[in-house]
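Written out below as structure tokens is the structure these notes cover.
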Amino acid sequence: MSLISLPRALEILSQDEIVAIPTETVYGLAGRIDSPTALKKIFTVKKRPYFDPLIVHVHSIEDAKRLCLEWPEVYDILAKEFWPGPLTLVAKKNSRVHDLISSGLDTVAIRCPLHPLAQQILFSLKTPFAAPSANRFGKTSPTRWTHVETEFNGEIPIVDGGPCQVGLESTVVQWDFKNKTQLSILRPGVITATLLQKALLKHQIKVKIEKNTSHRSPGFLLQHYQPKWPLVIINKYNLIEKDKASILNQLNTHLPKPHFLSSKIDWIELELDHQPQIAARELYHQLHNLSSGKKAILYFLTKGRWQSPEWEGLVDRLSRAASLQYFEEEPQ
Ligand code: TXA
Ligand code: MG
């Protein structure tokens with residue numbers, strides 16, 4: 001077991017090492033931003049490609065500004081409204097941000113986490129840390145310390161902060177620094193376009209908020225968050241034998257070997273709460289749990305959820321985690 005105390009975590013972080021820490025969204029794999037050795041370890045341990053930049057976690061808006069060339073008014077308003085919390089702002093970086101963090105881009109993604117232990121670590125370290133989700137690249141994110149323990153076979157020291165209360169990674173947004181008229185959502189999350197718009201309108205600021213943007217984050221892959229056993233999303237009501245056979249056939253044909261499912265379909269259903277906040281909190285935990293069942297995981301996605309702005313973050317993660325999407329229009 002690799003659980004460690006907070007003082008021990010601070011000690012390890014000060015020795016060019018990395019530690020898994022809780023945030024309100026998911027557990028992160030943290031390394032100090034002033035330690036290139038620790039930053040490199042993050043990429044190696046996660047098997048993360050260097051082209052996928054990291055999010056820097058800060059204790060305050062002031063700490064964020066110290067890393068940026070430019071801090072637009074829009075960011076000030078959003079940070080005051082949503083920080084500490086699950087919103088990441090992509091800003092023009094200055095030379096304090098190592099190229100390993102930003103993957104050579106001229107921008108840096110920054111957020112101030114809400115979890116009290118993450119806050120305490122940042123306060124005591126007096127330096128920000130970079131932290132991606134504490135899972136191997138492309139795999140399901142961790143929302144309990146046990147998920148991290150299993151993912152890295154007990155080789156990473158972990159601070160236990162209980163189950164993550166949000167459960168989905170932060171919303172990532174980027175201001176259009178050139179034209180200064182538009183905010184793009186690079187990764188959807190629980191802070192939705194409606195919430196962002198509302199916060200800005202309170203300050204009489206009207207901007208266009210672009211969703212499903214084409215200039216996604218560099219690490220934005222179509223396949224991500226994948227559980228160990230394949231997830232299938234189904235948007236068809238009366239699943240008949242022919243459909244089941246077709247799903248099974250597609251799973252067996254398209255998935256990398258070694259993969260097998262018996263011809264007698266063996267699967268288990270993922271059920272999510274009807275309230276999106278609770279569903280978000282439970283999604284990754286359920287995927288981790290169901291993966292140990294050695295069965296394909298089926299999720300029936302209703303049109304209501306598919307089209308609801310409040311479900312956007314969830315549907316985004318489900319679609320990327322899925323090995324197969326079996327869609328058919330709902331009967332009228
Ligand atoms: O909630 C979260 O954001 C969690 C917790 C640990 O804070 N962190 C997290 O990190 O989800 P990660 O590394 O799994 O995802 C970071 C995302 C990636 O899609 C990455 O491409 C994007 O943020 N990103 C980082 N820096 C960026 C930049 N300069 N420009 C655009 N996208 C960036
Ligand atoms: Mg991640």
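The values are calculated or read from the model by the stated rules, or taken from the named source; none is laboratory data. Just so it is clear, the structure is predicted and the values come from calculations on it, not from any experiment. So basically every Cβ, Gly included, is an ideal-geometry build from the backbone, and we count neighbours across all protein chains shown. Surface areas here come from the heavy atoms of the whole protein model, side chains and all, with no ligands, DNA or RNA. Shrake-Rupley method; radii C 1.70, N 1.55, O 1.52, S 1.80 Å.
Heavy atoms of the protein only, probe of 1.4 Å, neighbouring chains included. What is the accessible area of R8 in Å², nearest 10?
Approximately 100 Å² for this residue.
With both partners inside region 1-114, how many of the DSSP beta bridges are antiparallel, as a percent to the nearest 5? Intermediate results must be reported in sequence, preceding the final value.
Working: 8 of 11 bridges.
Once the DSSP bridges in region 1-114 are tallied, antiparallel ones form about 75 percent.
Across bins of 10 angstrom width beginning at 0, how are the C-alpha pair distances of region 17-103 distributed, in whole percent?
With a bin width of 10 Å, the distribution comes to 15, 47, 33, 5.
Work out the charge dipole of the chain with +1 on the Cβ of Lys and Arg and -1 on the Cβ of Asp and Glu about the Cα centre, then indicate which of I156, P53, I205 is farthest towards its positive end.
My answer, from the dipole projection, is P53.
Of N289, A322, F300, which is farthest on the positive side of the dipole of region 274-332, counting Cα position, with +1 on Lys and Arg Cβ, -1 on Asp and Glu Cβ, and the Cα centre as origin?
N289
Sort out for me the Cα centre separation of region 271-332 from region 88-154, rounded to whole Å.
Here the answer is 25 Å between Cα centres.
Do any of K65/K202; K65/K208; K242/K303; K65/K92; K47/K139; K180/K208 go past 20 Å between their Cα atoms, and which?
K65/K202; K65/K208; K242/K303
Tabulate in residue order the Karplus-calculated ³J(HN,Hα) for region 8-13, using 6.51 cos²θ - 1.76 cosθ + 1.60 with θ = phi - 60°, rounded to whole Hz; enter x for Gly and Pro.
So the J values, rounded to whole Hz, are 5, 4, 5, 4, 4, 4.
Binned at 20 Å from 0, what are the whole-percent values of the Cα-Cα distance distribution for the chain, short to long?
31, 56, 13, 0
I want to verify a result. In a Gaussian network model of the chain, Cα cutoff 10 Å, which of these has the top mean-square fluctuation: D99, D316, D273?
Most flexible of the set in this elastic network: D273.
Find how many whole Å separate the alpha carbon centroid of region 26-42 from the alpha carbon centroid of region 1-17.
Using only Cα atoms, the two centres lie 12 Å from each other.
Need one word for region 78-181: rounded, prolate or oblate. Basis is the Cα gyration tensor (sqrt eigenvalues a ≥ b ≥ c); a/c below 1.5 gives rounded, then a/b vs b/c decides.
prolate
Rounding to the nearest 20 debye, state how big the charge dipole of region 6-211 is about its Cα centre with +1 on each Lys and Arg Cβ and -1 on each Asp and Glu Cβ.
Using Cβ point charges on Lys, Arg, Asp and Glu, region 6-211 gives about 500 debye.
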